Amino acid sequence: MRGSVNRPPTPDVDDEPQKEPTLQEIINIKLIESGEKEKLMDLLRERLIECGWRDEMKALCRSYARKKGRNNVTVDDLIHVITPKGRASVPDSVKAELLQRIRAFLTSAAL
Amino acid sequence: MSASDDGSSSPRSQLCSQVFGDLLDSIIVDAASECHRIARLGLDRNLEEEEEELRLSAQARVADPSSSSDGNSKNMVDIFGQTHPAIASEIFDCMNCGRPIVAGRFAPHLEKCMGKGRKARQKTTRSTTMAQSRNSRGSPISVYAPYSTANSINRVPNGGSSASAEYKDYAFDEP
C-alpha cells in the first residue's frame with residue numbers, strides 16, 4: 001500500500017536554497033497585486049479591437065479552420081497560427097501607448 | 001538599473017517589452033480560444049458549411065412528397081421533422097352553438113354563428129333591433145348569449161314576436 005501512490009517526498013524543511021525570484025517575476029507580482037495588470041490588459045484588448053487586429057486574427061482562424069476542417073482544429077493549432085502574425089501586426093501607436101504605461105508603472109513602483 | 005532610458009536596448013525597456021509581450025500572449029490565447037469555439041460549434045457561417053446546410057434543407061424539402069412552392073411553410077418539414085396539412089383537420093365543439101366543427105372551418109363558422117363580419121343570413125326583425133337597443137343601455141343580464149350581443153344573429157326564435165315584452169320575459173321566451 002505504501003508504494004501505491006507515486007509521489008515525491010514532501011520537503012519538510014527548506015533543504016534546498018530557494019531560488020531568488022527573478023526580476024520578471026517580481027514585476028509580474030507587483031503588477032497583479034496593484035491591479036495594474038488587469039487595467040493594462042483591458043486597455044490593450046480595447047485598442048486591439050478598435051484597430052481591427054482582433055478581426056484580422058479571427059479571419060486567419062476562420063480560413064485555417066476551413067482548410068483543416070472545422071472539427072479538426074485545436075486551440076494549440078490556432079495559437080500557433082495567430083502568434084507570429086499577431087505579434088507583428090500590432091499597430092505602433094498601440095504598442096507605444098502600452099509601453100509608456102508600463103514604464104510609468106515601473107517608475108512608480110521604484111523598480 | 002539606469003535611471004534614464006538609453007533606447008530599446010536598456011534593461012528597463014527590455015523589461016517593458018517583456019511585460020507587453022506577456023499581455024499580448026494572453027490576448028492571443030483569448031482570441032484563439034474564441035475562434036476555436038466558434039469553429040467547433042459551427043457558429044460561423046463558413047462558405048462550405050453554408051453549401052452543406054443548403055443541401056440539407058433542399059433534401060428536407062424534397063423528402064416531403066406533397067411539397068409545393070417555397071412560401072408554403074405548412075407543407076414543409078418543420079424543425080421537429082413533422083409535416084402539417086394546409087387546412088387543420090381536428091374536430092372540436094363550437095363553444096357558441098355546441099356543434100362539432102372542423103378547426104380549419106372554424107373562422108367562417110364563427111362569422112355565421114356569432115353574426116360578426118358579413119351580415120349574410122341576418123333577419124333584422126323588430127325583436128332583434130329592440131334587443132340591440134336594450135343591450136346598448138348596458139343591461140347586465142345576458143342569460144342567452146346569442147341575444148345579448150350587439151349584433152343580432154340569424155336564429156330568430158319562433159316566438160320572436162314576443163319581443164315587445166320586457167327584456168326579462170324575452171329571455172324566458174327562448175326555446
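Key figures
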{"item": "Segment A:34-50 residues that are farther than 15 Å from A:A104 by Cβ, paired with ones that are among the charged types (D, E, K, R) (beta carbon under 6 Å, 6 or more apart)", "result": "A:L48/A:R54"}
{"item": "Positions within segment A:17-66 being among the hydrophobic types (A, V, I, L, M, F, W, C) and outside any helix (DSSP H, G or I), in sequence order", "result": "A:C51"}
{"item": "Inter-residue pairs, beta-carbon under 8 Å, first in contact (Cβ under 8 Å) with a residue 40 or more places away in the chain and in segment B:91-111, second surrounded by 14 or more Cβ atoms within 10 Å (Cβ to Cβ), 6+ apart", "result": "B:N96/B:L110; B:N96/B:C113; B:N96/B:M114; B:N96/B:P146"}
{"item": "Evaluation of A:F105 against (1) at the interface with chain B (Cβ under 9 Å from one of its Cβ atoms); (2) exposed (fewer than 15 other Cβ atoms within 10 Å of the Cβ); (3) within 20 Å of the chain's Cα centre (by Cα); (4) over 16 Å from B:I27 (Cβ atoms) (one fails), failing number", "result": "(2)"}
{"item": "Some residue of segment A:79-94 being of a type in the set (D, E), assigned to a helix (DSSP H, G or I) and in contact with a helix residue (DSSP H, G or I) (Cβ under 8 Å, 6 or more places away or on another chain)", "result": "no"}
{"item": "Given (1) assigned to a loop (DSSP other than H, G, I, E, B); (2) closer than 22 Å to B:R37 by Cα, index of the condition A:P8 fails", "result": "(2)"}
{"item": "Residues that are surrounded by 16 or more Cβ atoms within 10 Å (Cβ to Cβ), more than 7 Å from chain B (Cβ to nearest Cβ) and of a type in the set (A, V, I, L, M), drawn from segment A:51-89", "result": "A:L60, A:V81"}
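Okay, residues lined up against (1) loosely packed, with under 11 Cβ neighbours inside 10 Å; (2) at pLDDT below 80:
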position: B:L15; (1), (2): no, no
position: B:I28; (1), (2): no, no
position: B:H36; (1), (2): no, no
position: B:G42; (1), (2): no, no
position: B:E51; (1), (2): yes, yes
position: B:L56; (1), (2): yes, yes
position: B:R61; (1), (2): no, yes
position: B:S68; (1), (2): no, yes
position: B:D78; (1), (2): no, no
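The values are calculated or read from the model by the stated rules, or taken from the named source; none is laboratory data. Only a predicted model underlies this, so the values are computations on that prediction, with no experimental measurement involved. As a convention, Cβ positions derive from the backbone with ideal geometry for all residues, glycine included, and neighbour counts pool all protein chains shown.
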